[in-house]
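This structure is in structure tokens; I'll ask about it shortly.
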Amino acid sequence: MDLYQLEYISEIEKTGNISKAAENLHISQPTLSIYLTKLERSLGIPLFIRKKNLLVPTEAGKKYVDACRRILAIRDDLYRDLFSQNQSVVRLGLLRSTIHTFNEILQDMKAEFPHTIFAPQIFSSELIYRELTEHRIDLGFVTSYQENIRSIFPKADYTIVKSYELVLMISKSNPVYSRLELENGCLAERSYPLLEELPLFQGKNDMVKRRMQEDIFPTLGIQPKWREGLIDIEFMFQTMILENSFSILPVSRIRGGDIEQIPFLFHPKVQRLFIYPPRHHLTQPERELITRVTDAYRDISYYYDVSLL
């Protein structure tokens, strides 16, 4: 038995719930269920029984959990002794828009993991994936504009942290804005053709282009003129105001300016997620980082945080 599988049993007992344990361990719920079933079958005894909505350890289960935790404690003591003079490095690939959140979390983790150095580097999502597949980083935090994440990151496993809705971004001073009609708070389908009158302002991100051209534009029934700009989000928002263009971006916090955010009736989504090599066993510091970032993003309801003049 691999030592990390002992953590599975310990976490199931701790949470009393397969789904929650799987979430904390950053593995799938079916994987954890299958593992527990196989283990109980090989032992010939049940380790847990279901009481109401909780998994409760049997007498044998209590002994097994206790043994798991004693073995894991021995492992941790051994590692502290072996590596007390050494430091491990976790090489991170991050998006520029996430630096502030990660800085705060990594600072907090220093005391808990004094022998682990987190080394962040800033890339686009596409470059983070390339760095990961070429083994120059260990863990990446990226955005997927595709519903099918495997189509974008086929050589990586992943943990989804947060989903954000793609919305129409348009200045209230844009002449087309006053002609747009809403339906239940969303852009009415009869207003879709009006967007074709305007240039669409977007960055040069190939993943975004693919989502727009293969999904968003066909759904809207339009083919707007593409207006490329620098990958600078404040510049993009300011240009939408000055040039009477529009954009389709994840819902954001915008301070200043007069940008309106209008949902679409079909509610397209993008995801922020961690990616890591296939079958990679996440270390304890890596798992804790994923957990803390996921917790932090529960309270972050916006993708970009923009201040305009």
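Under 15 Å from the Cβ of residue 276, count the other residues' Cβ atoms, weight Lys and Arg +1, Asp and Glu -1, and hand me the total.
For residues surrounding residue 276, the net value is +2.
Further question: First check a/c for the stretch 1-52, with a ≥ b ≥ c the square roots of the eigenvalues of its C-alpha gyration tensor; if it is under 1.5, answer rounded, and if not, answer prolate when a/b is larger than b/c or oblate otherwise.
oblate
Something else: Can you work out the FRET efficiency for the pair residue 260 and residue 33, with r the C-beta to C-beta distance and R0 = 45 Å, to the nearest 0.05?
0.45
Can I ask one more? Among 237-249, 114-126, 9-21, what's the highest-first ranking by average C-beta atoms within 10 angstrom per residue?
So the order, starting with the most tightly packed, is 237-249, 9-21, 114-126.
Here are a few candidate values for P(r) over Cα pairs in 20 Å bins from 0, in percent: [x] 34, 59, 8, 0; [y] 28, 47, 22, 3; [z] 27, 44, 28, 1. Which one was actually calculated from the structure I just gave you?
[y]
Over the chain, what is the percentage of antiparallel beta bridges among all DSSP beta bridges, to the nearest 5?
Taking every DSSP beta bridge with both residues in the chain, the antiparallel ones total about 65 percent.
Moving to a separate point now. Once every DSSP H run of n ≥ 4 in the chain is given -39500 (n - 2.57) and the sum is divided by its residues, what mean residue ellipticity at 222 nm do you get, rounded to the nearest 500 deg cm²/dmol?
So the calculated ellipticity at 222 nm is -11500 deg cm²/dmol.
Now for a different question. With a 1.4 Å probe and every protein chain kept in, tell me what percent of the accessible surface of the stretch 74-168 is carbon plus sulfur.
In the stretch 74-168, the share of accessible area belonging to carbon and sulfur is 52 percent.
In this model, which of 62/162; 20/62; 204/269 are farther than 29 Å apart at the alpha-carbon?
In this structure, 62/162 lie more than 29 Å apart at Cα.
Hey, can you rank 28-35, 194-201, 268-275 by average C-beta count inside 10 Å, highest first?
268-275, 194-201, 28-35
The values are calculated or read from the model by the stated rules, or taken from the named source; none is laboratory data. Worth saying up front: this structure is predicted, and the values here are computed from it rather than measured. With ideal geometry, Cβ positions are generated from the backbone for all residues, glycine too; neighbour counts draw on all protein chains shown. Just so you know, the surface numbers come from the protein's heavy atoms only, side chains and all, with ligands and any DNA or RNA stripped out. Shrake-Rupley method; radii C 1.70, N 1.55, O 1.52, S 1.80 Å.
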